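The values are calculated or read from the model by the stated rules, or taken from the named source; none is laboratory data. None of these values were measured; they are calculated from a predicted model. So basically every Cβ, Gly included, is an ideal-geometry build from the backbone, and we count neighbours across all protein chains shown. These area figures cover heavy atoms from the full protein model, side chains too; ligands, DNA and RNA do not enter into them. Shrake-Rupley method; radii C 1.70, N 1.55, O 1.52, S 1.80 Å.
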Amino acid sequence: MSKIPPAPSLPQPTPGEQAVSEQLTGLIRAQIVEAGGAISFARFMELALYTPQLGYYSAGQHKFGVAGDFITAPELGPVFAQCLARQCVQILAALPQGDILEAGAGSCALAVQLLLELERLGQLPAHYFILEISSALRARQQALFAKQAAHLLARVQWLDKLPSAGFRGIVFGNELLDAMPVERFRVDAEGIAELQVGWQENRFVWYETRANNALRDRATTLGLAEGYVSEVGFAAEGWVRSVADILEQGVLLLVDYGFPAHEYYHPQRAAGTLMCHYRHRAHDDPLLLVGLQDITAHVDFSAIARAGTGSGLSLLGYISQALFLLGCGLDDIATQINQSDARTYLQFTNAVKKLTLPQEMGELFKVIALGRGIEMSLAGFRLQNRRDRL
């Protein structure tokens, strides 16, 4: 077992939060005992985030926005959705009666904003499916729709799994892949060690064992130096393959933070990419505040591209979020803002800065598009297309 590091300074949870965390901790500890002393980090991350009624995304606490733990693009205002809508219009115009499926809709702000903008642009999808496994989030999403876009609810359907084969349209995910469980590894003198999670001195700790074949083979090909620690997102890759299985014609469009493989596994990124968020505090210890904090890992977009193309999809585009939004008409949208409305204009300009500046979300966040039966060049990649870097 590894040495137990000091805990970062974080706000104290409420008694109610602490009770939920302790209950989830007991459940995970039981699985560790049953497994013989340790479980994979991917399994720990899955339990911490998605255990029904107890996991971070399932327990009912507010996660998004100023009152939550982090802010996503839709919480900044409608401009993200307005840009995305223009990309959707182009695709839906080529796919009559096409649908949109959003996976992991979060607060549902994006779904509401996107459908309202598509309605304004005269290009509503036949259906808007929301894939959401959290009953607590689903209830909040439905309430938001009822409040802000009740007249569009007839087009919206909630799903707990991907639909069957034959889907035509757009499958979309914003900050979806980063919350999927990852395997963690360390390069040592003997090869590749898997970093699992055990229990010691009344807390979760890292536990090392020899990596399984899939993790060993993937990590070995990277040629990393001894001591290097990082992650592999097998779950995200598997999800992309599942989408490829059901996509008859259309586009899988994913927005997330991450890098191509040569940057993801850069020598200077030797501690990995795990990041946790709790009440707008970011730190890198996923073993704390179990069930109360978000746990994420950056996305290896090269691996996502391989998963898609290996399943018969075409790699249509890969670009920074800033250039994607500009390609979708951000400049034109800006000209429509009433500058005499100081409050609205300030909100818009602040959102644009957050979404596009390199030191904010503009460069770290990327957009990747994979498709089947799509011949057109997508608008979001008209200014630049970096797919050759994957």
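Taking the 1.4 Å solvent-accessible surface of the chain as the whole, the part contributed by carbon and sulfur is 51%.
Packing, taken as the mean count of other beta carbons within 10 Å per residue, orders the peptides 217-223, 296-302, 89-95 from highest to lowest as 296-302, 89-95, 217-223. Taking the DSSP bridge list for the stretch 54-199 and keeping only pairs wholly inside it, about 25 percent are antiparallel. By the equivalent-ellipsoid construction on the alpha carbon gyration tensor, the stretch 15-143 comes out with semi-axes of 37, 17, 11 Å, ordered largest to smallest. Cysteines in the chain that lack a partner Cβ within the 4.7 Å cut-off: Cys88, Cys108, Cys276.
Across the stretch 356-364, computed HN-Hα scalar couplings (Karplus, 6.51 cos²θ - 1.76 cosθ + 1.60, θ = phi - 60°) run 10, 5, x, 7, 9, 9, x, 9, 5 Hz from first to last residue, x flagging Gly and Pro. Considering lysine pairs in the chain that are 8 or more places apart or on different chains, how many have Cα atoms under 20 Å apart? Lysine pairs, 8 or more places apart or on different chains, close enough: 4. Amide H contacts under 5 Å for Asp285: Cys276, restricted to partners 5 or more places along the chain or on a different chain, H placed in the peptide plane at 1.01 Å from N. Applying the Karplus relation 6.51 cos²θ - 1.76 cosθ + 1.60 with θ = phi - 60° to the stretch 79-95 yields 3J(HN,Hα) values of 5, 4, 5, 5, 5, 4, 4, 5, 5, 5, 4, 4, 6, 5, 4, 8, 10 Hz, where x marks Gly and Pro. In this structure the amide hydrogen of Ile374, modeled in the peptide plane, comes within under 5 Å of the amide hydrogens of Gly250, none closer than 5 places in sequence on its chain.
Annotation: per residue accessible area for the chain equals 43 Å², rounded to a whole number [probe 1.4 Å, protein chains only]. Phi angles of the stretch 203-210 translate, via the Karplus equation with coefficients 6.51, -1.76, 1.60 and θ = phi - 60°, into HN-Hα couplings of 7, 6, 9, 6, 9, 9, 9, 5 Hz per residue; Gly and Pro are given as x.
A cut-off of 5 Å between modelled amide H atoms, ignoring neighbours fewer than 5 places along the same chain, links Val205 with Gly198, Trp199, Gln200. Once a ≥ b ≥ c are taken as the square roots of the eigenvalues of the Cα gyration tensor of the stretch 234-365, is the result rounded (a/c under 1.5), prolate (a/b larger than b/c) or oblate (a/b not larger than b/c)? Since a/c reaches 1.5 but b/c is at least a/b, the shape of the stretch 234-365 is classed as oblate.
Label positions at Ala126 and His262, each projected 7 Å from the Cα along the C-beta direction, are separated by 4.3 nm.
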